[in-house]
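*Asks:* This is the structure, below, for whatever I ask next.
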Amino acid sequence: ESTIMFGDGGVDDAEDAHVIIHEYGHFVSHSVAPGTNFGHERKALDEALGDYLASSYSKSINNYRFSDVFSWDGHNEFWAGRITNSTKTYDQLIGSNFYVDAEIWSSCLMDINEDIGREATDRILLESLYGYASNMTMTDAARLMVLSDSILNNTGFRNQICDRFSERGLYECPIVNIDTSDIFN
């Protein structure tokens, strides 16, 4: 049996839509890739998924503070919350706090969302979850996103996705050369 748990504290967590969507993100991840949330970066990816989904939804209805994850439950006197507009790069991964490191991946996803739109980003991201495994890295997740774009869109968003991964130091997509000489001969 799966259960979505909401915390409590200074603000009742289930009063914040970001918390509800974030926690639902954990449910989706657990359902698609059960038993794989082990390892520092894999845990950061799971946190980032929930943060991204919350910000993506929030941005779709209103631009106000959409990048302040937990805008009701956090960003107040009780706790600082998290953000999805960080400029951190992969080489800044601290390795001791997967909540902090999650900002690298969630912010990169929001950049991709800005480039190709929410629907395309969400579809590619959700498809990529089927390849998630224990102890995977953000670089592994980036490769899965590129692969998922190729499956869903025939590489239609490859350049935008690869540019964002490159900016963050997450993944350098291989150059794809298509030999067209056979076509015209």
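The values are calculated or read from the model by the stated rules, or taken from the named source; none is laboratory data. These numbers come from a predicted model, not from an experiment. As a convention, Cβ positions derive from the backbone with ideal geometry for all residues, glycine included, and neighbour counts pool all protein chains shown. Note: areas computed on protein heavy atoms with side chains; ligands, DNA, RNA excluded. Shrake-Rupley method; radii C 1.70, N 1.55, O 1.52, S 1.80 Å.
*Asks:* Of all GluC sites (Glu not before Pro) in region 51-152, which ones are in loop regions per DSSP and have a Cβ with at most 13 other Cβ atoms within 10 Å?
*Replies:* When the GluC sites (Glu not before Pro) of region 51-152 are filtered for loop state and at most 13 Cβ neighbours within 10 Å, Glu77 remain.
*Asks:* So how do His40, His18 rank on accessible area, 1.4 Å probe, biggest first, that is with the largest at the start?
*Replies:* His40, His18
*Asks:* Once you put a point 7 Å from the Cα of Tyr64 and another 7 Å from the Cα of His40, both along the Cβ direction, what distance in nm separates them?
*Replies:* 3.9 nm
*Asks:* Taking R0 as 25 Å, what's the FRET efficiency between Asn135 and Ile94 from their Cβ-Cβ distance, rounded to 0.05? Don't skip to the end; give the middle numbers.
*Replies:* Details: r = 18 Å, r/R0 = 0.70.
With R0 = 25 Å, the Cβ-Cβ based efficiency is 0.90.
*Asks:* Quick one: which residues, 5 or more positions from Ile83 or on another chain, have an amide H under 5 Å from its amide H? H modelled 1.01 Å from N in the peptide plane, none for Pro or chain starts.
*Replies:* Excluding prolines and chain starts, which carry no amide H, the hits are Val69.
*Asks:* Another question, then. Ala17 to Glu114: FRET efficiency via 1/(1 + (r/R0)^6), r the Cβ-Cβ distance, R0 22 Å, to the nearest 0.05?
*Replies:* 0.60
*Asks:* Sticking with this structure for a sec: Compute from the Cα atoms of region 80-127 the Rg and the Dmax, the latter being the longest Cα-Cα distance, and quote both in angstrom.
*Replies:* Cα-based Rg and Dmax for region 80-127 come out at 11.7, 33 Å.
*Asks:* Where a ≥ b ≥ c are the square roots of the eigenvalues of the C-alpha gyration tensor, would you call region 41-169 rounded, which needs a/c under 1.5, or, failing that, prolate if a/b is larger than b/c, or oblate? It would help to have the intermediate numbers written out before the result.
*Replies:* On the way: a/c = 1.87, a/b = 1.31, b/c = 1.43.
Cα axes put region 41-169 in the oblate bin.
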